[in-house]
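FYI, it's all coordinate maths here, none of it is from the lab. The shown structure was predicted, so the numbers you read here are calculated from the model rather than taken from an experiment. Cβ atoms come from the backbone with ideal geometry, glycine included; neighbour counts cover every protein chain shown.
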Amino acid sequence: MIQDLVDVQLGNTSELSSSDLDTVMGKLNEVVDIGAIKPPLAGNIVDIVADIILSDTDVTPVANTLLNMTSAVGDTMDFQGQSVTLTAPSLALSVSNVDSQQFSGLTFGVFASDPLPDTDATISLPSELNNFFTPGERNTTRVQFQFYGTQELFQEPPTVNATEGNWTLNSYIVSASINNSHVSNLKDQVVVNFRHQQPKKPDNKVQCVFWDFQKNGGQGGWNSRGCKSTGSSANQTRCLCDHLTHFAVLLDVSRSGAGDTDTYILTVISYVGCGISSIFLGITLLTYVAFEKLRQDHPSKILINLSSALLGSTMLFLLNPWLSSFSNYGLCIATAAALHYFLLASFTWMGLEAVHMYLALVKVFNIYIPSYILKFCAVGWGNVIYWMTNCLFLSLFPSCWLHDDVFFYTTWVAFALLILLCNLSVFVVVLIQIKHMQVNKTSTSSRSILSDVRAVASLTVLLGLTWSMGFFSFGPGKVVMMYLFCIFNTMQGFCVFFFHCLMKENVRKQWRIHLCCGRFRLSDYSDWSRSVTGGGKKNNLVNCDSDLTHTSRGHKQASAPLDPFNPHNFTVSSGHQRKYNLMEKQTVTIFS
């Protein structure tokens, strides 16, 4: 009678009205509450439920009722034999009576034959479940499996998607339960394998979840508590859960904002940019290491270390695809650890650049730090080991990088965000100083403005502020931010070369002295060379590229416009300056 009612209503329209749905649900509840249900009647109930959820009827208000009703049918079914399976379009129910004395585990699987034979889902129960069998029914205990090939009964309220991210269900739903038992906190966990409905892209996240009937005020919702993913490919995900209920896999589509074309272009930009940066970082390192006069001050030594860290990270990024292609776990671990180390070291040295600028701008006249660069090196190269220690035994394939969200966000994202916030603070202080200098000037020449712009651009590169674009790669402008992020950050090494080699007069003169010939060659005994090497001890308090004149006290004072916020214009006082008295230090002035 109930089937006839559903057939008649769905024959006239593609959906049931609210009143018809209430009538059908009431009749089904009456049948289920009778008690023992024979397999033919159980099959009719399963067919009715399948017809309802496949129609256009809004079943959200009665979704949990239908799920509980299907479970009740399996629990009360009276059948002969060890097991019975009932199937309907997009719905399957399998019930087994197991001998608890001989129970060693049980597996339920659903297979698709169209277009090709494949497994939609499997769930394997551990032998530990016999601890949850009802004491009075230890000889025969009922285990029930359910399969849902549609998502209609598992819809969360729209507000959940808006607040918890852009997750979508990417598998069918499979469940398991034991009659009259609540299974949780299993030590030997339930293994669930899912086939993806849509292939997973490399940058997509997956999450193993279960349907929580109590979530969202009793409406139900997906919950990941007690479940974890132990492996995921483009087409399959393997989950481990410590309880029994309805399981599925969610896919984070918020990470797939870039289409295939954009992804390809971004990949090309990344590799080309890293290749260019690697070349020019190498030139920068060779320049500063080969020419002793360029590495006598603290800023140059910090620049050498920063360039080394950036070169290591860009080279490993370029080699990563080739190294990961070997599918050697040990090699992959080493590659991921090295890449992680150099990235953290790069950010640490960017932070140390900011520390040095702060000391030079704020504490330049009254601070002395012994073994200054040595302490910087200990922090820059040694401290980051702590941050990467725990990431060596994570799942790294298919690319040799961190795929564990906890470690990724704690050892990489949080660290980078902390450094960027500190660097941004120093950057703001520098901009304020530039503004004050412009206010004190009687006139502002185009050359001075250009110098300020160059100083700001140089600071942005050294402090790595362009990396902050990665934190804004979401929403409608995500793709644009991804392009800007790739372009600016992969070219960071080239920008270091541009601002701190090509645009620096003392570097260009060293090139002319040692690398050029003929009329382009500059004599090593030029006026510039004598001004660097002569005059006794050099003043490390201020280091600039401009011409200097002596004050009446015998100390050098800037007589031409400087680039005061280029970090290479400053060094923190080392031992031989600490004997200056306050009046002597005040004779050292900086003009923009």
Cut-off 18 Å, label 7 Å out along Cα→Cβ of Phe132, residues of the range 234-253 by amide N: 239-248
Residues Trp211, Trp381, Trp167 arranged by fewest to most Cβ contacts within 10 Å: Trp381, Trp167, Trp211
Inter-label distance for Arg512 and Ser468, nm, one decimal - labels placed 7 Å from Cα along Cα-to-Cβ: 3.8
q = 0.18, 0.22, 0.23, 0.24 Å⁻¹: log10 I(q)/I(0) that the Debye formula gives for the range 34-119, counting C-alpha atoms only: -0.93, -1.16, -1.20, -1.24
Two-site FRET efficiency, Val268 against Leu319, from Cβ-Cβ distance with R₀ of 25 Å, rounded to 0.05: 0.90
Spin-label model distance (nm) - Asp188 vs Ile279, 7 Å beyond Cα toward Cβ: 6.1
Potential extension, Ile34-Gln433 segment - 0.36 nm per residue separation minus Cα distance: 135.3 nm
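Would you mind getting me the FRET efficiency between Val456 and Lys228? Use the beta-carbon distance for r and R0 = 41 Å, nearest 0.05.
0.35
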Restraint check, Lys435/Lys504; Lys301/Lys375; Lys187/Lys228; Lys301/Lys509; Lys205/Lys228, Cα-Cα greater than 21 Å: Lys435/Lys504
